[in-house]
């Protein structure tokens, strides 16, 4: 038996093929794990075939085939990156277009040679049994470079793959890490294709890492297991090729793919048996907990969808893998407006709109109040809440429309925007149409003249009238909701509820598709007489924070609990709902308070010269892991890691004086 397993490798050409294949498998495994985790398989395929014109041109000109292939592969990657920035073309569209174009160009160049069929076949399948010493040296050098860069850049590659914004805040430079991965991909391909062909390179780049990721979750372990799987595929492929007389490169690629499908089947069977065991064990627990039930999530809209689960994607927009962070910045004196991309650290100017007295945001659009008119701008990034998961979208920042009303407050859902105007009236806008630069009212929702506050809630609208009555409006009409909210001041929505500020405290409205329920949240007996006129929170969170003279107010609407914290000279506040509240003081320092104990847990100097008494005070915009504080005097925005002792993660320097700011995208 051992004779059959070792005899083919007594031949020098087969042994060299084995060594070359194992080295190629190791290089491709190190790079291939990143290719899969970044979902760049289509880009990898495009780059392997996109090398053809460079290789062909180098052959005709008598140059190095590897240099020609590397130049063509990198040109392909650069072209994809440049075209992919357009909001009108998705990344896979740009890859497909360039793939066809590069292949066509390559075939045209190859057709000028006298051996068209032979050259093209060698390009695709290589000649694994014709490995020379120089080929082994090149492969070894490529593996050494790949291993060194992978080891040195591992932390940056992880951060850039899973959270580019955090990579930027940690100083890991995702704008360099991502191109470095692309170059590594090109190096692995170019070093290997001349020996084993682009078919084997792509097979080793994708199949072994995909097989490894079925069994392990740690990236280093996946790389190690992938090298073993890839090496086994090379050995088995050469063994089969020797005895069956098949093409070596194609057989190796076929074995690698077959190993993936076999492993996937085994993994599925393992998961099935594990799931059966878990279900059996949990059934006993479920019987004992049968009488308990959690709150029903709010209804979500359905619309004419282009994604797989019914989410509409407007023309010019593209769905992306994760949330972006965009900051709409406005100079109040001139109305100069820009959108700052906190991931790429780039700023896009939109225009000047005259003196702006306020800005409001809804997670995508910024509403700039200038006199009796309001300009709407699109930050170019937003999150669609689909109930049990999110969709993330991006487009180009742009001016959208000018409204002939002065806006005092904004509340928005997935498809509807409710504006409270300076006259006290409520206006509704179709949010999807607004993304198309069209100002239209929703077809099936409307409000009466007595509505003082309105918040979209799923496909419905929860409102408060001037005399404090709570109502809900849907496509069938308006009906009353139990409870009242006299002298409504503010309105905010979370994922599961709508909350209104009232003269007596606050009211929380919640419920699923059926009847809504209300919960009154009265002010505590020892609360100051002056309550906050506005509250702020992390988007879709249930905990709010606001200011009155010398006091920070925190409302946990889930627990129906108010907390009042005396803070002298506070000028801005916000909370992430994690048990702490951030407070910016007049002296420019930023503090964090524990809400339960009302004690200060951290303080950092932030704005060196303090907050001026004239002009607009800074704001604290907050999301799941970062807070942003604007400083007009220094033309800076400070990014704060509030979970790490208020660490100043980055200082973003802006072209526009950021006197007013709202966050979008998350």
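FYI, it's all coordinate maths here, none of it is from the lab. It should be emphasised that the depicted structure is a prediction, and the values quoted were computed from it without experimental measurement. With ideal geometry, Cβ positions are generated from the backbone for all residues, glycine too; neighbour counts draw on all protein chains shown.
For a quick check: sort 154, 391 by the number of other beta carbons within 10 angstrom, fewest at the front.
Numbers: 154 14, 391 18.
In order of increasing Cβ crowding within 10 Å: 154, 391.
With label points built 7 Å along Cα→Cβ from the Cα atoms of residue 97 and residue 4, find their separation and express it in nm.
Between residue 97 and residue 4, the label points sit 5.4 nm apart.
Calculate the spin-label point distance for residue 648 paired with residue 60, positioning each point 7 Å from the Cα along the beta-carbon direction, and give it in nanometres.
Using points 7 Å along Cα→Cβ, the separation is 5.8 nm.
How high is the relative contact order of the chain, in percent, counting Cα pairs under 8 Å that sit 6 or more residues apart? Kindly include the intermediate steps, with their values, before the conclusion.
On the way: 1405 pairs, mean separation 60.5, N = 666.
Relative contact order here is 9 percent.
How much length is gained on full extension from residue 145 to residue 215, taking 0.36 nm per residue of separation minus their Cα-Cα distance?
Working: separation 70, 0.36 × 70 = 25.20 nm, distance 2.73 nm.
Here the answer is 22.5 nm.
To make sure I understand, if each residue's beta carbon is the centre and we count other beta carbons within 10 Å, what order do 262, 563, 519 fall in, fewest to most? If you can, show how the numbers build up before the last one.
On the way: 262 11, 563 21, 519 15.
Going from sparsest to densest Cβ surroundings: 262, 519, 563.
Can you tell me, using C-alpha contacts under 8 Å and at least 6 residues apart, the relative contact order of region 526-666 as a whole percent?
Working: 327 pairs, mean separation 21.0, N = 141.
Relative contact order here is 15 percent.
Suppose only helical runs count, i.e. DSSP H with n ≥ 4. What mean residue ellipticity at 222 nm does that imply for the chain under -39500 (n - 2.57) per run, divided by all residues and rounded to the nearest 500 deg cm²/dmol? Intermediate values should be presented prior to the final figure.
Values: 14 runs with 247 residues, N = 666.
Theoretical 222 nm ellipticity from helices: -12500 deg cm²/dmol.
On a 0 to 90° scale, report how tilted helix 52-61 is relative to the longest principal axis of the chain, with both axes built from alpha carbons and the result rounded to the nearest 10.
50
Any chance you could give the angle, 0 to 90 degrees and rounded to 10, that helix 248-288 forms with the longest Cα principal axis of the chain?
With both axes taken from Cα atoms, the answer is about 40 degrees.
By how many nm would the segment from residue 466 to residue 479 lengthen if fully extended, with 0.36 nm per residue of separation less the alpha-carbon distance? Write out the running numbers ahead of the final one.
On the way: separation 13, 0.36 × 13 = 4.68 nm, distance 1.58 nm.
Result for the pair: 3.1 nm of gain on full extension.
Under the √(5λ) rule applied to the eigenvalues of the Cα gyration tensor, what semi-axes describe the equivalent ellipsoid of region 583-666? Give them in Å, descending.
On the way: eigenvalues 86, 49, 25 Å².
Over the Cα atoms of region 583-666, the semi-axes work out to 21, 16, 11 Å.
Can you figure out the FRET efficiency of residue 130 with residue 349, using R₀ = 35 Å and their beta-carbon distance, to the nearest 0.05?
Working: r = 57 Å, r/R0 = 1.64.
Calculated transfer efficiency: 0.05.
What is the order of 554, 567, fewest Cβ neighbours within 10 Å to most? List each step's numbers first, then the result.
Details: 554 24, 567 19.
Sorted ascending by nearby Cβ count, the order is 567, 554.
Using only C-alpha positions, report the orientation-averaged shadow area of the convex hull of the chain, nm², one decimal. Before the final figure, lay out the partial values.
Values: hull surface 143.1 nm².
So the mean shadow area of the Cα hull is 35.8 nm².
By how many degrees, between 0 and 90 and to the nearest 10, does the Cα long axis of helix 174-213 differ from the longest principal axis of the chain?
Helix 174-213 sits roughly 40 degrees off the main axis of the chain.
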